[in-house]
1. With a Förster radius of 25 Å, plug the Cβ-Cβ distance of residue 98 and residue 41 into 1/(1 + (r/R0)^6) and report the FRET value to the nearest 0.05.
2. Among 57, 64, which comes first, then next, by fewest other beta-carbon atoms within 10 Å?
3. Output the relative contact order of the chain, whole-number percent, from Cα pairs under 8 angstrom with separation of 6+ residues.
4. At q = 0.25, 0.31 Å⁻¹, work out log10 I(q)/I(0) for the stretch 88-135 with the Debye formula, treating every Cα as an identical point scatterer and leaving solvent out; two decimals please.
5. Starting from one equal scatterer on each C-alpha and no solvent at all, send me the Debye-based log10 I(q)/I(0) for the stretch 44-107 at q = 0.26 Å⁻¹, two decimals.
6. Starting from 0.36 nm per residue, how many nanometres of slack lie between residue 72 and residue 121 once their C-alpha separation is accounted for?
7. Per residue, how big is the convex hull around the C-alpha atoms of the chain? Give it to me in cubic angstrom, could you?
8. What 222 nm value per residue comes from the helices of the chain, counting each DSSP H run with n ≥ 4 as -39,500 (n - 2.57) and dividing by all residues, nearest 500 deg cm²/dmol?
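Please treat every number below as a calculation from the coordinates, not as lab data. Note that the structure is a prediction, hence the values are computed from the model and not measured. Quick reminder, even Gly has a Cβ in these numbers, built from the backbone with ideal geometry, and neighbours come from all protein chains shown.
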């Protein structure tokens, strides 16, 4: 991801679908993010991927420039994901006092409210808003 502190005029979050880049105006900066590498635990930042994100942003927003200085400060984050792409939500049979909610990949922030509601329902033993068998932490692949 690239955090740019340059004024952009961007006020609405966007997904540049063809380029696979997300644009998120934040409080005081704009975040550009994209690409996902399935490679295990890896904090390597590949400059060609950073350049591709910057190039896409500049192509979609002709008045925006992503400075080299911002590109050099690019960061990465790990995205835990299950083999089938669905998150793990629920209680494992292996440990009765553990509730699991992980593996949302790049959708963690987007899915957090629904996952939080489900976890709250599980912990308070209320009826679930959604059946969780597809997300069971002990499911087999």
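1. Numbers: r = 22 Å, r/R0 = 0.89.
Using R0 = 25 Å, I get an efficiency of 0.65.
2. 64, 57
3. Details: 191 pairs, mean separation 26.0, N = 141.
For the chain, the relative contact order is 18 percent.
4. Computed log10 I(q)/I(0) values: -1.00, -1.32.
5. -1.06
6. Working: separation 49, 0.36 × 49 = 17.64 nm, distance 4.38 nm.
Here the segment from residue 72 to residue 121 would lengthen by 13.3 nm.
7. Values: hull volume 20.8 nm³, N = 141.
Enclosed volume per residue, from the Cα hull, is 148 Å³.
8. Numbers: 3 runs with 35 residues, N = 141.
Counting only the DSSP helices, I get -7500 deg cm²/dmol.
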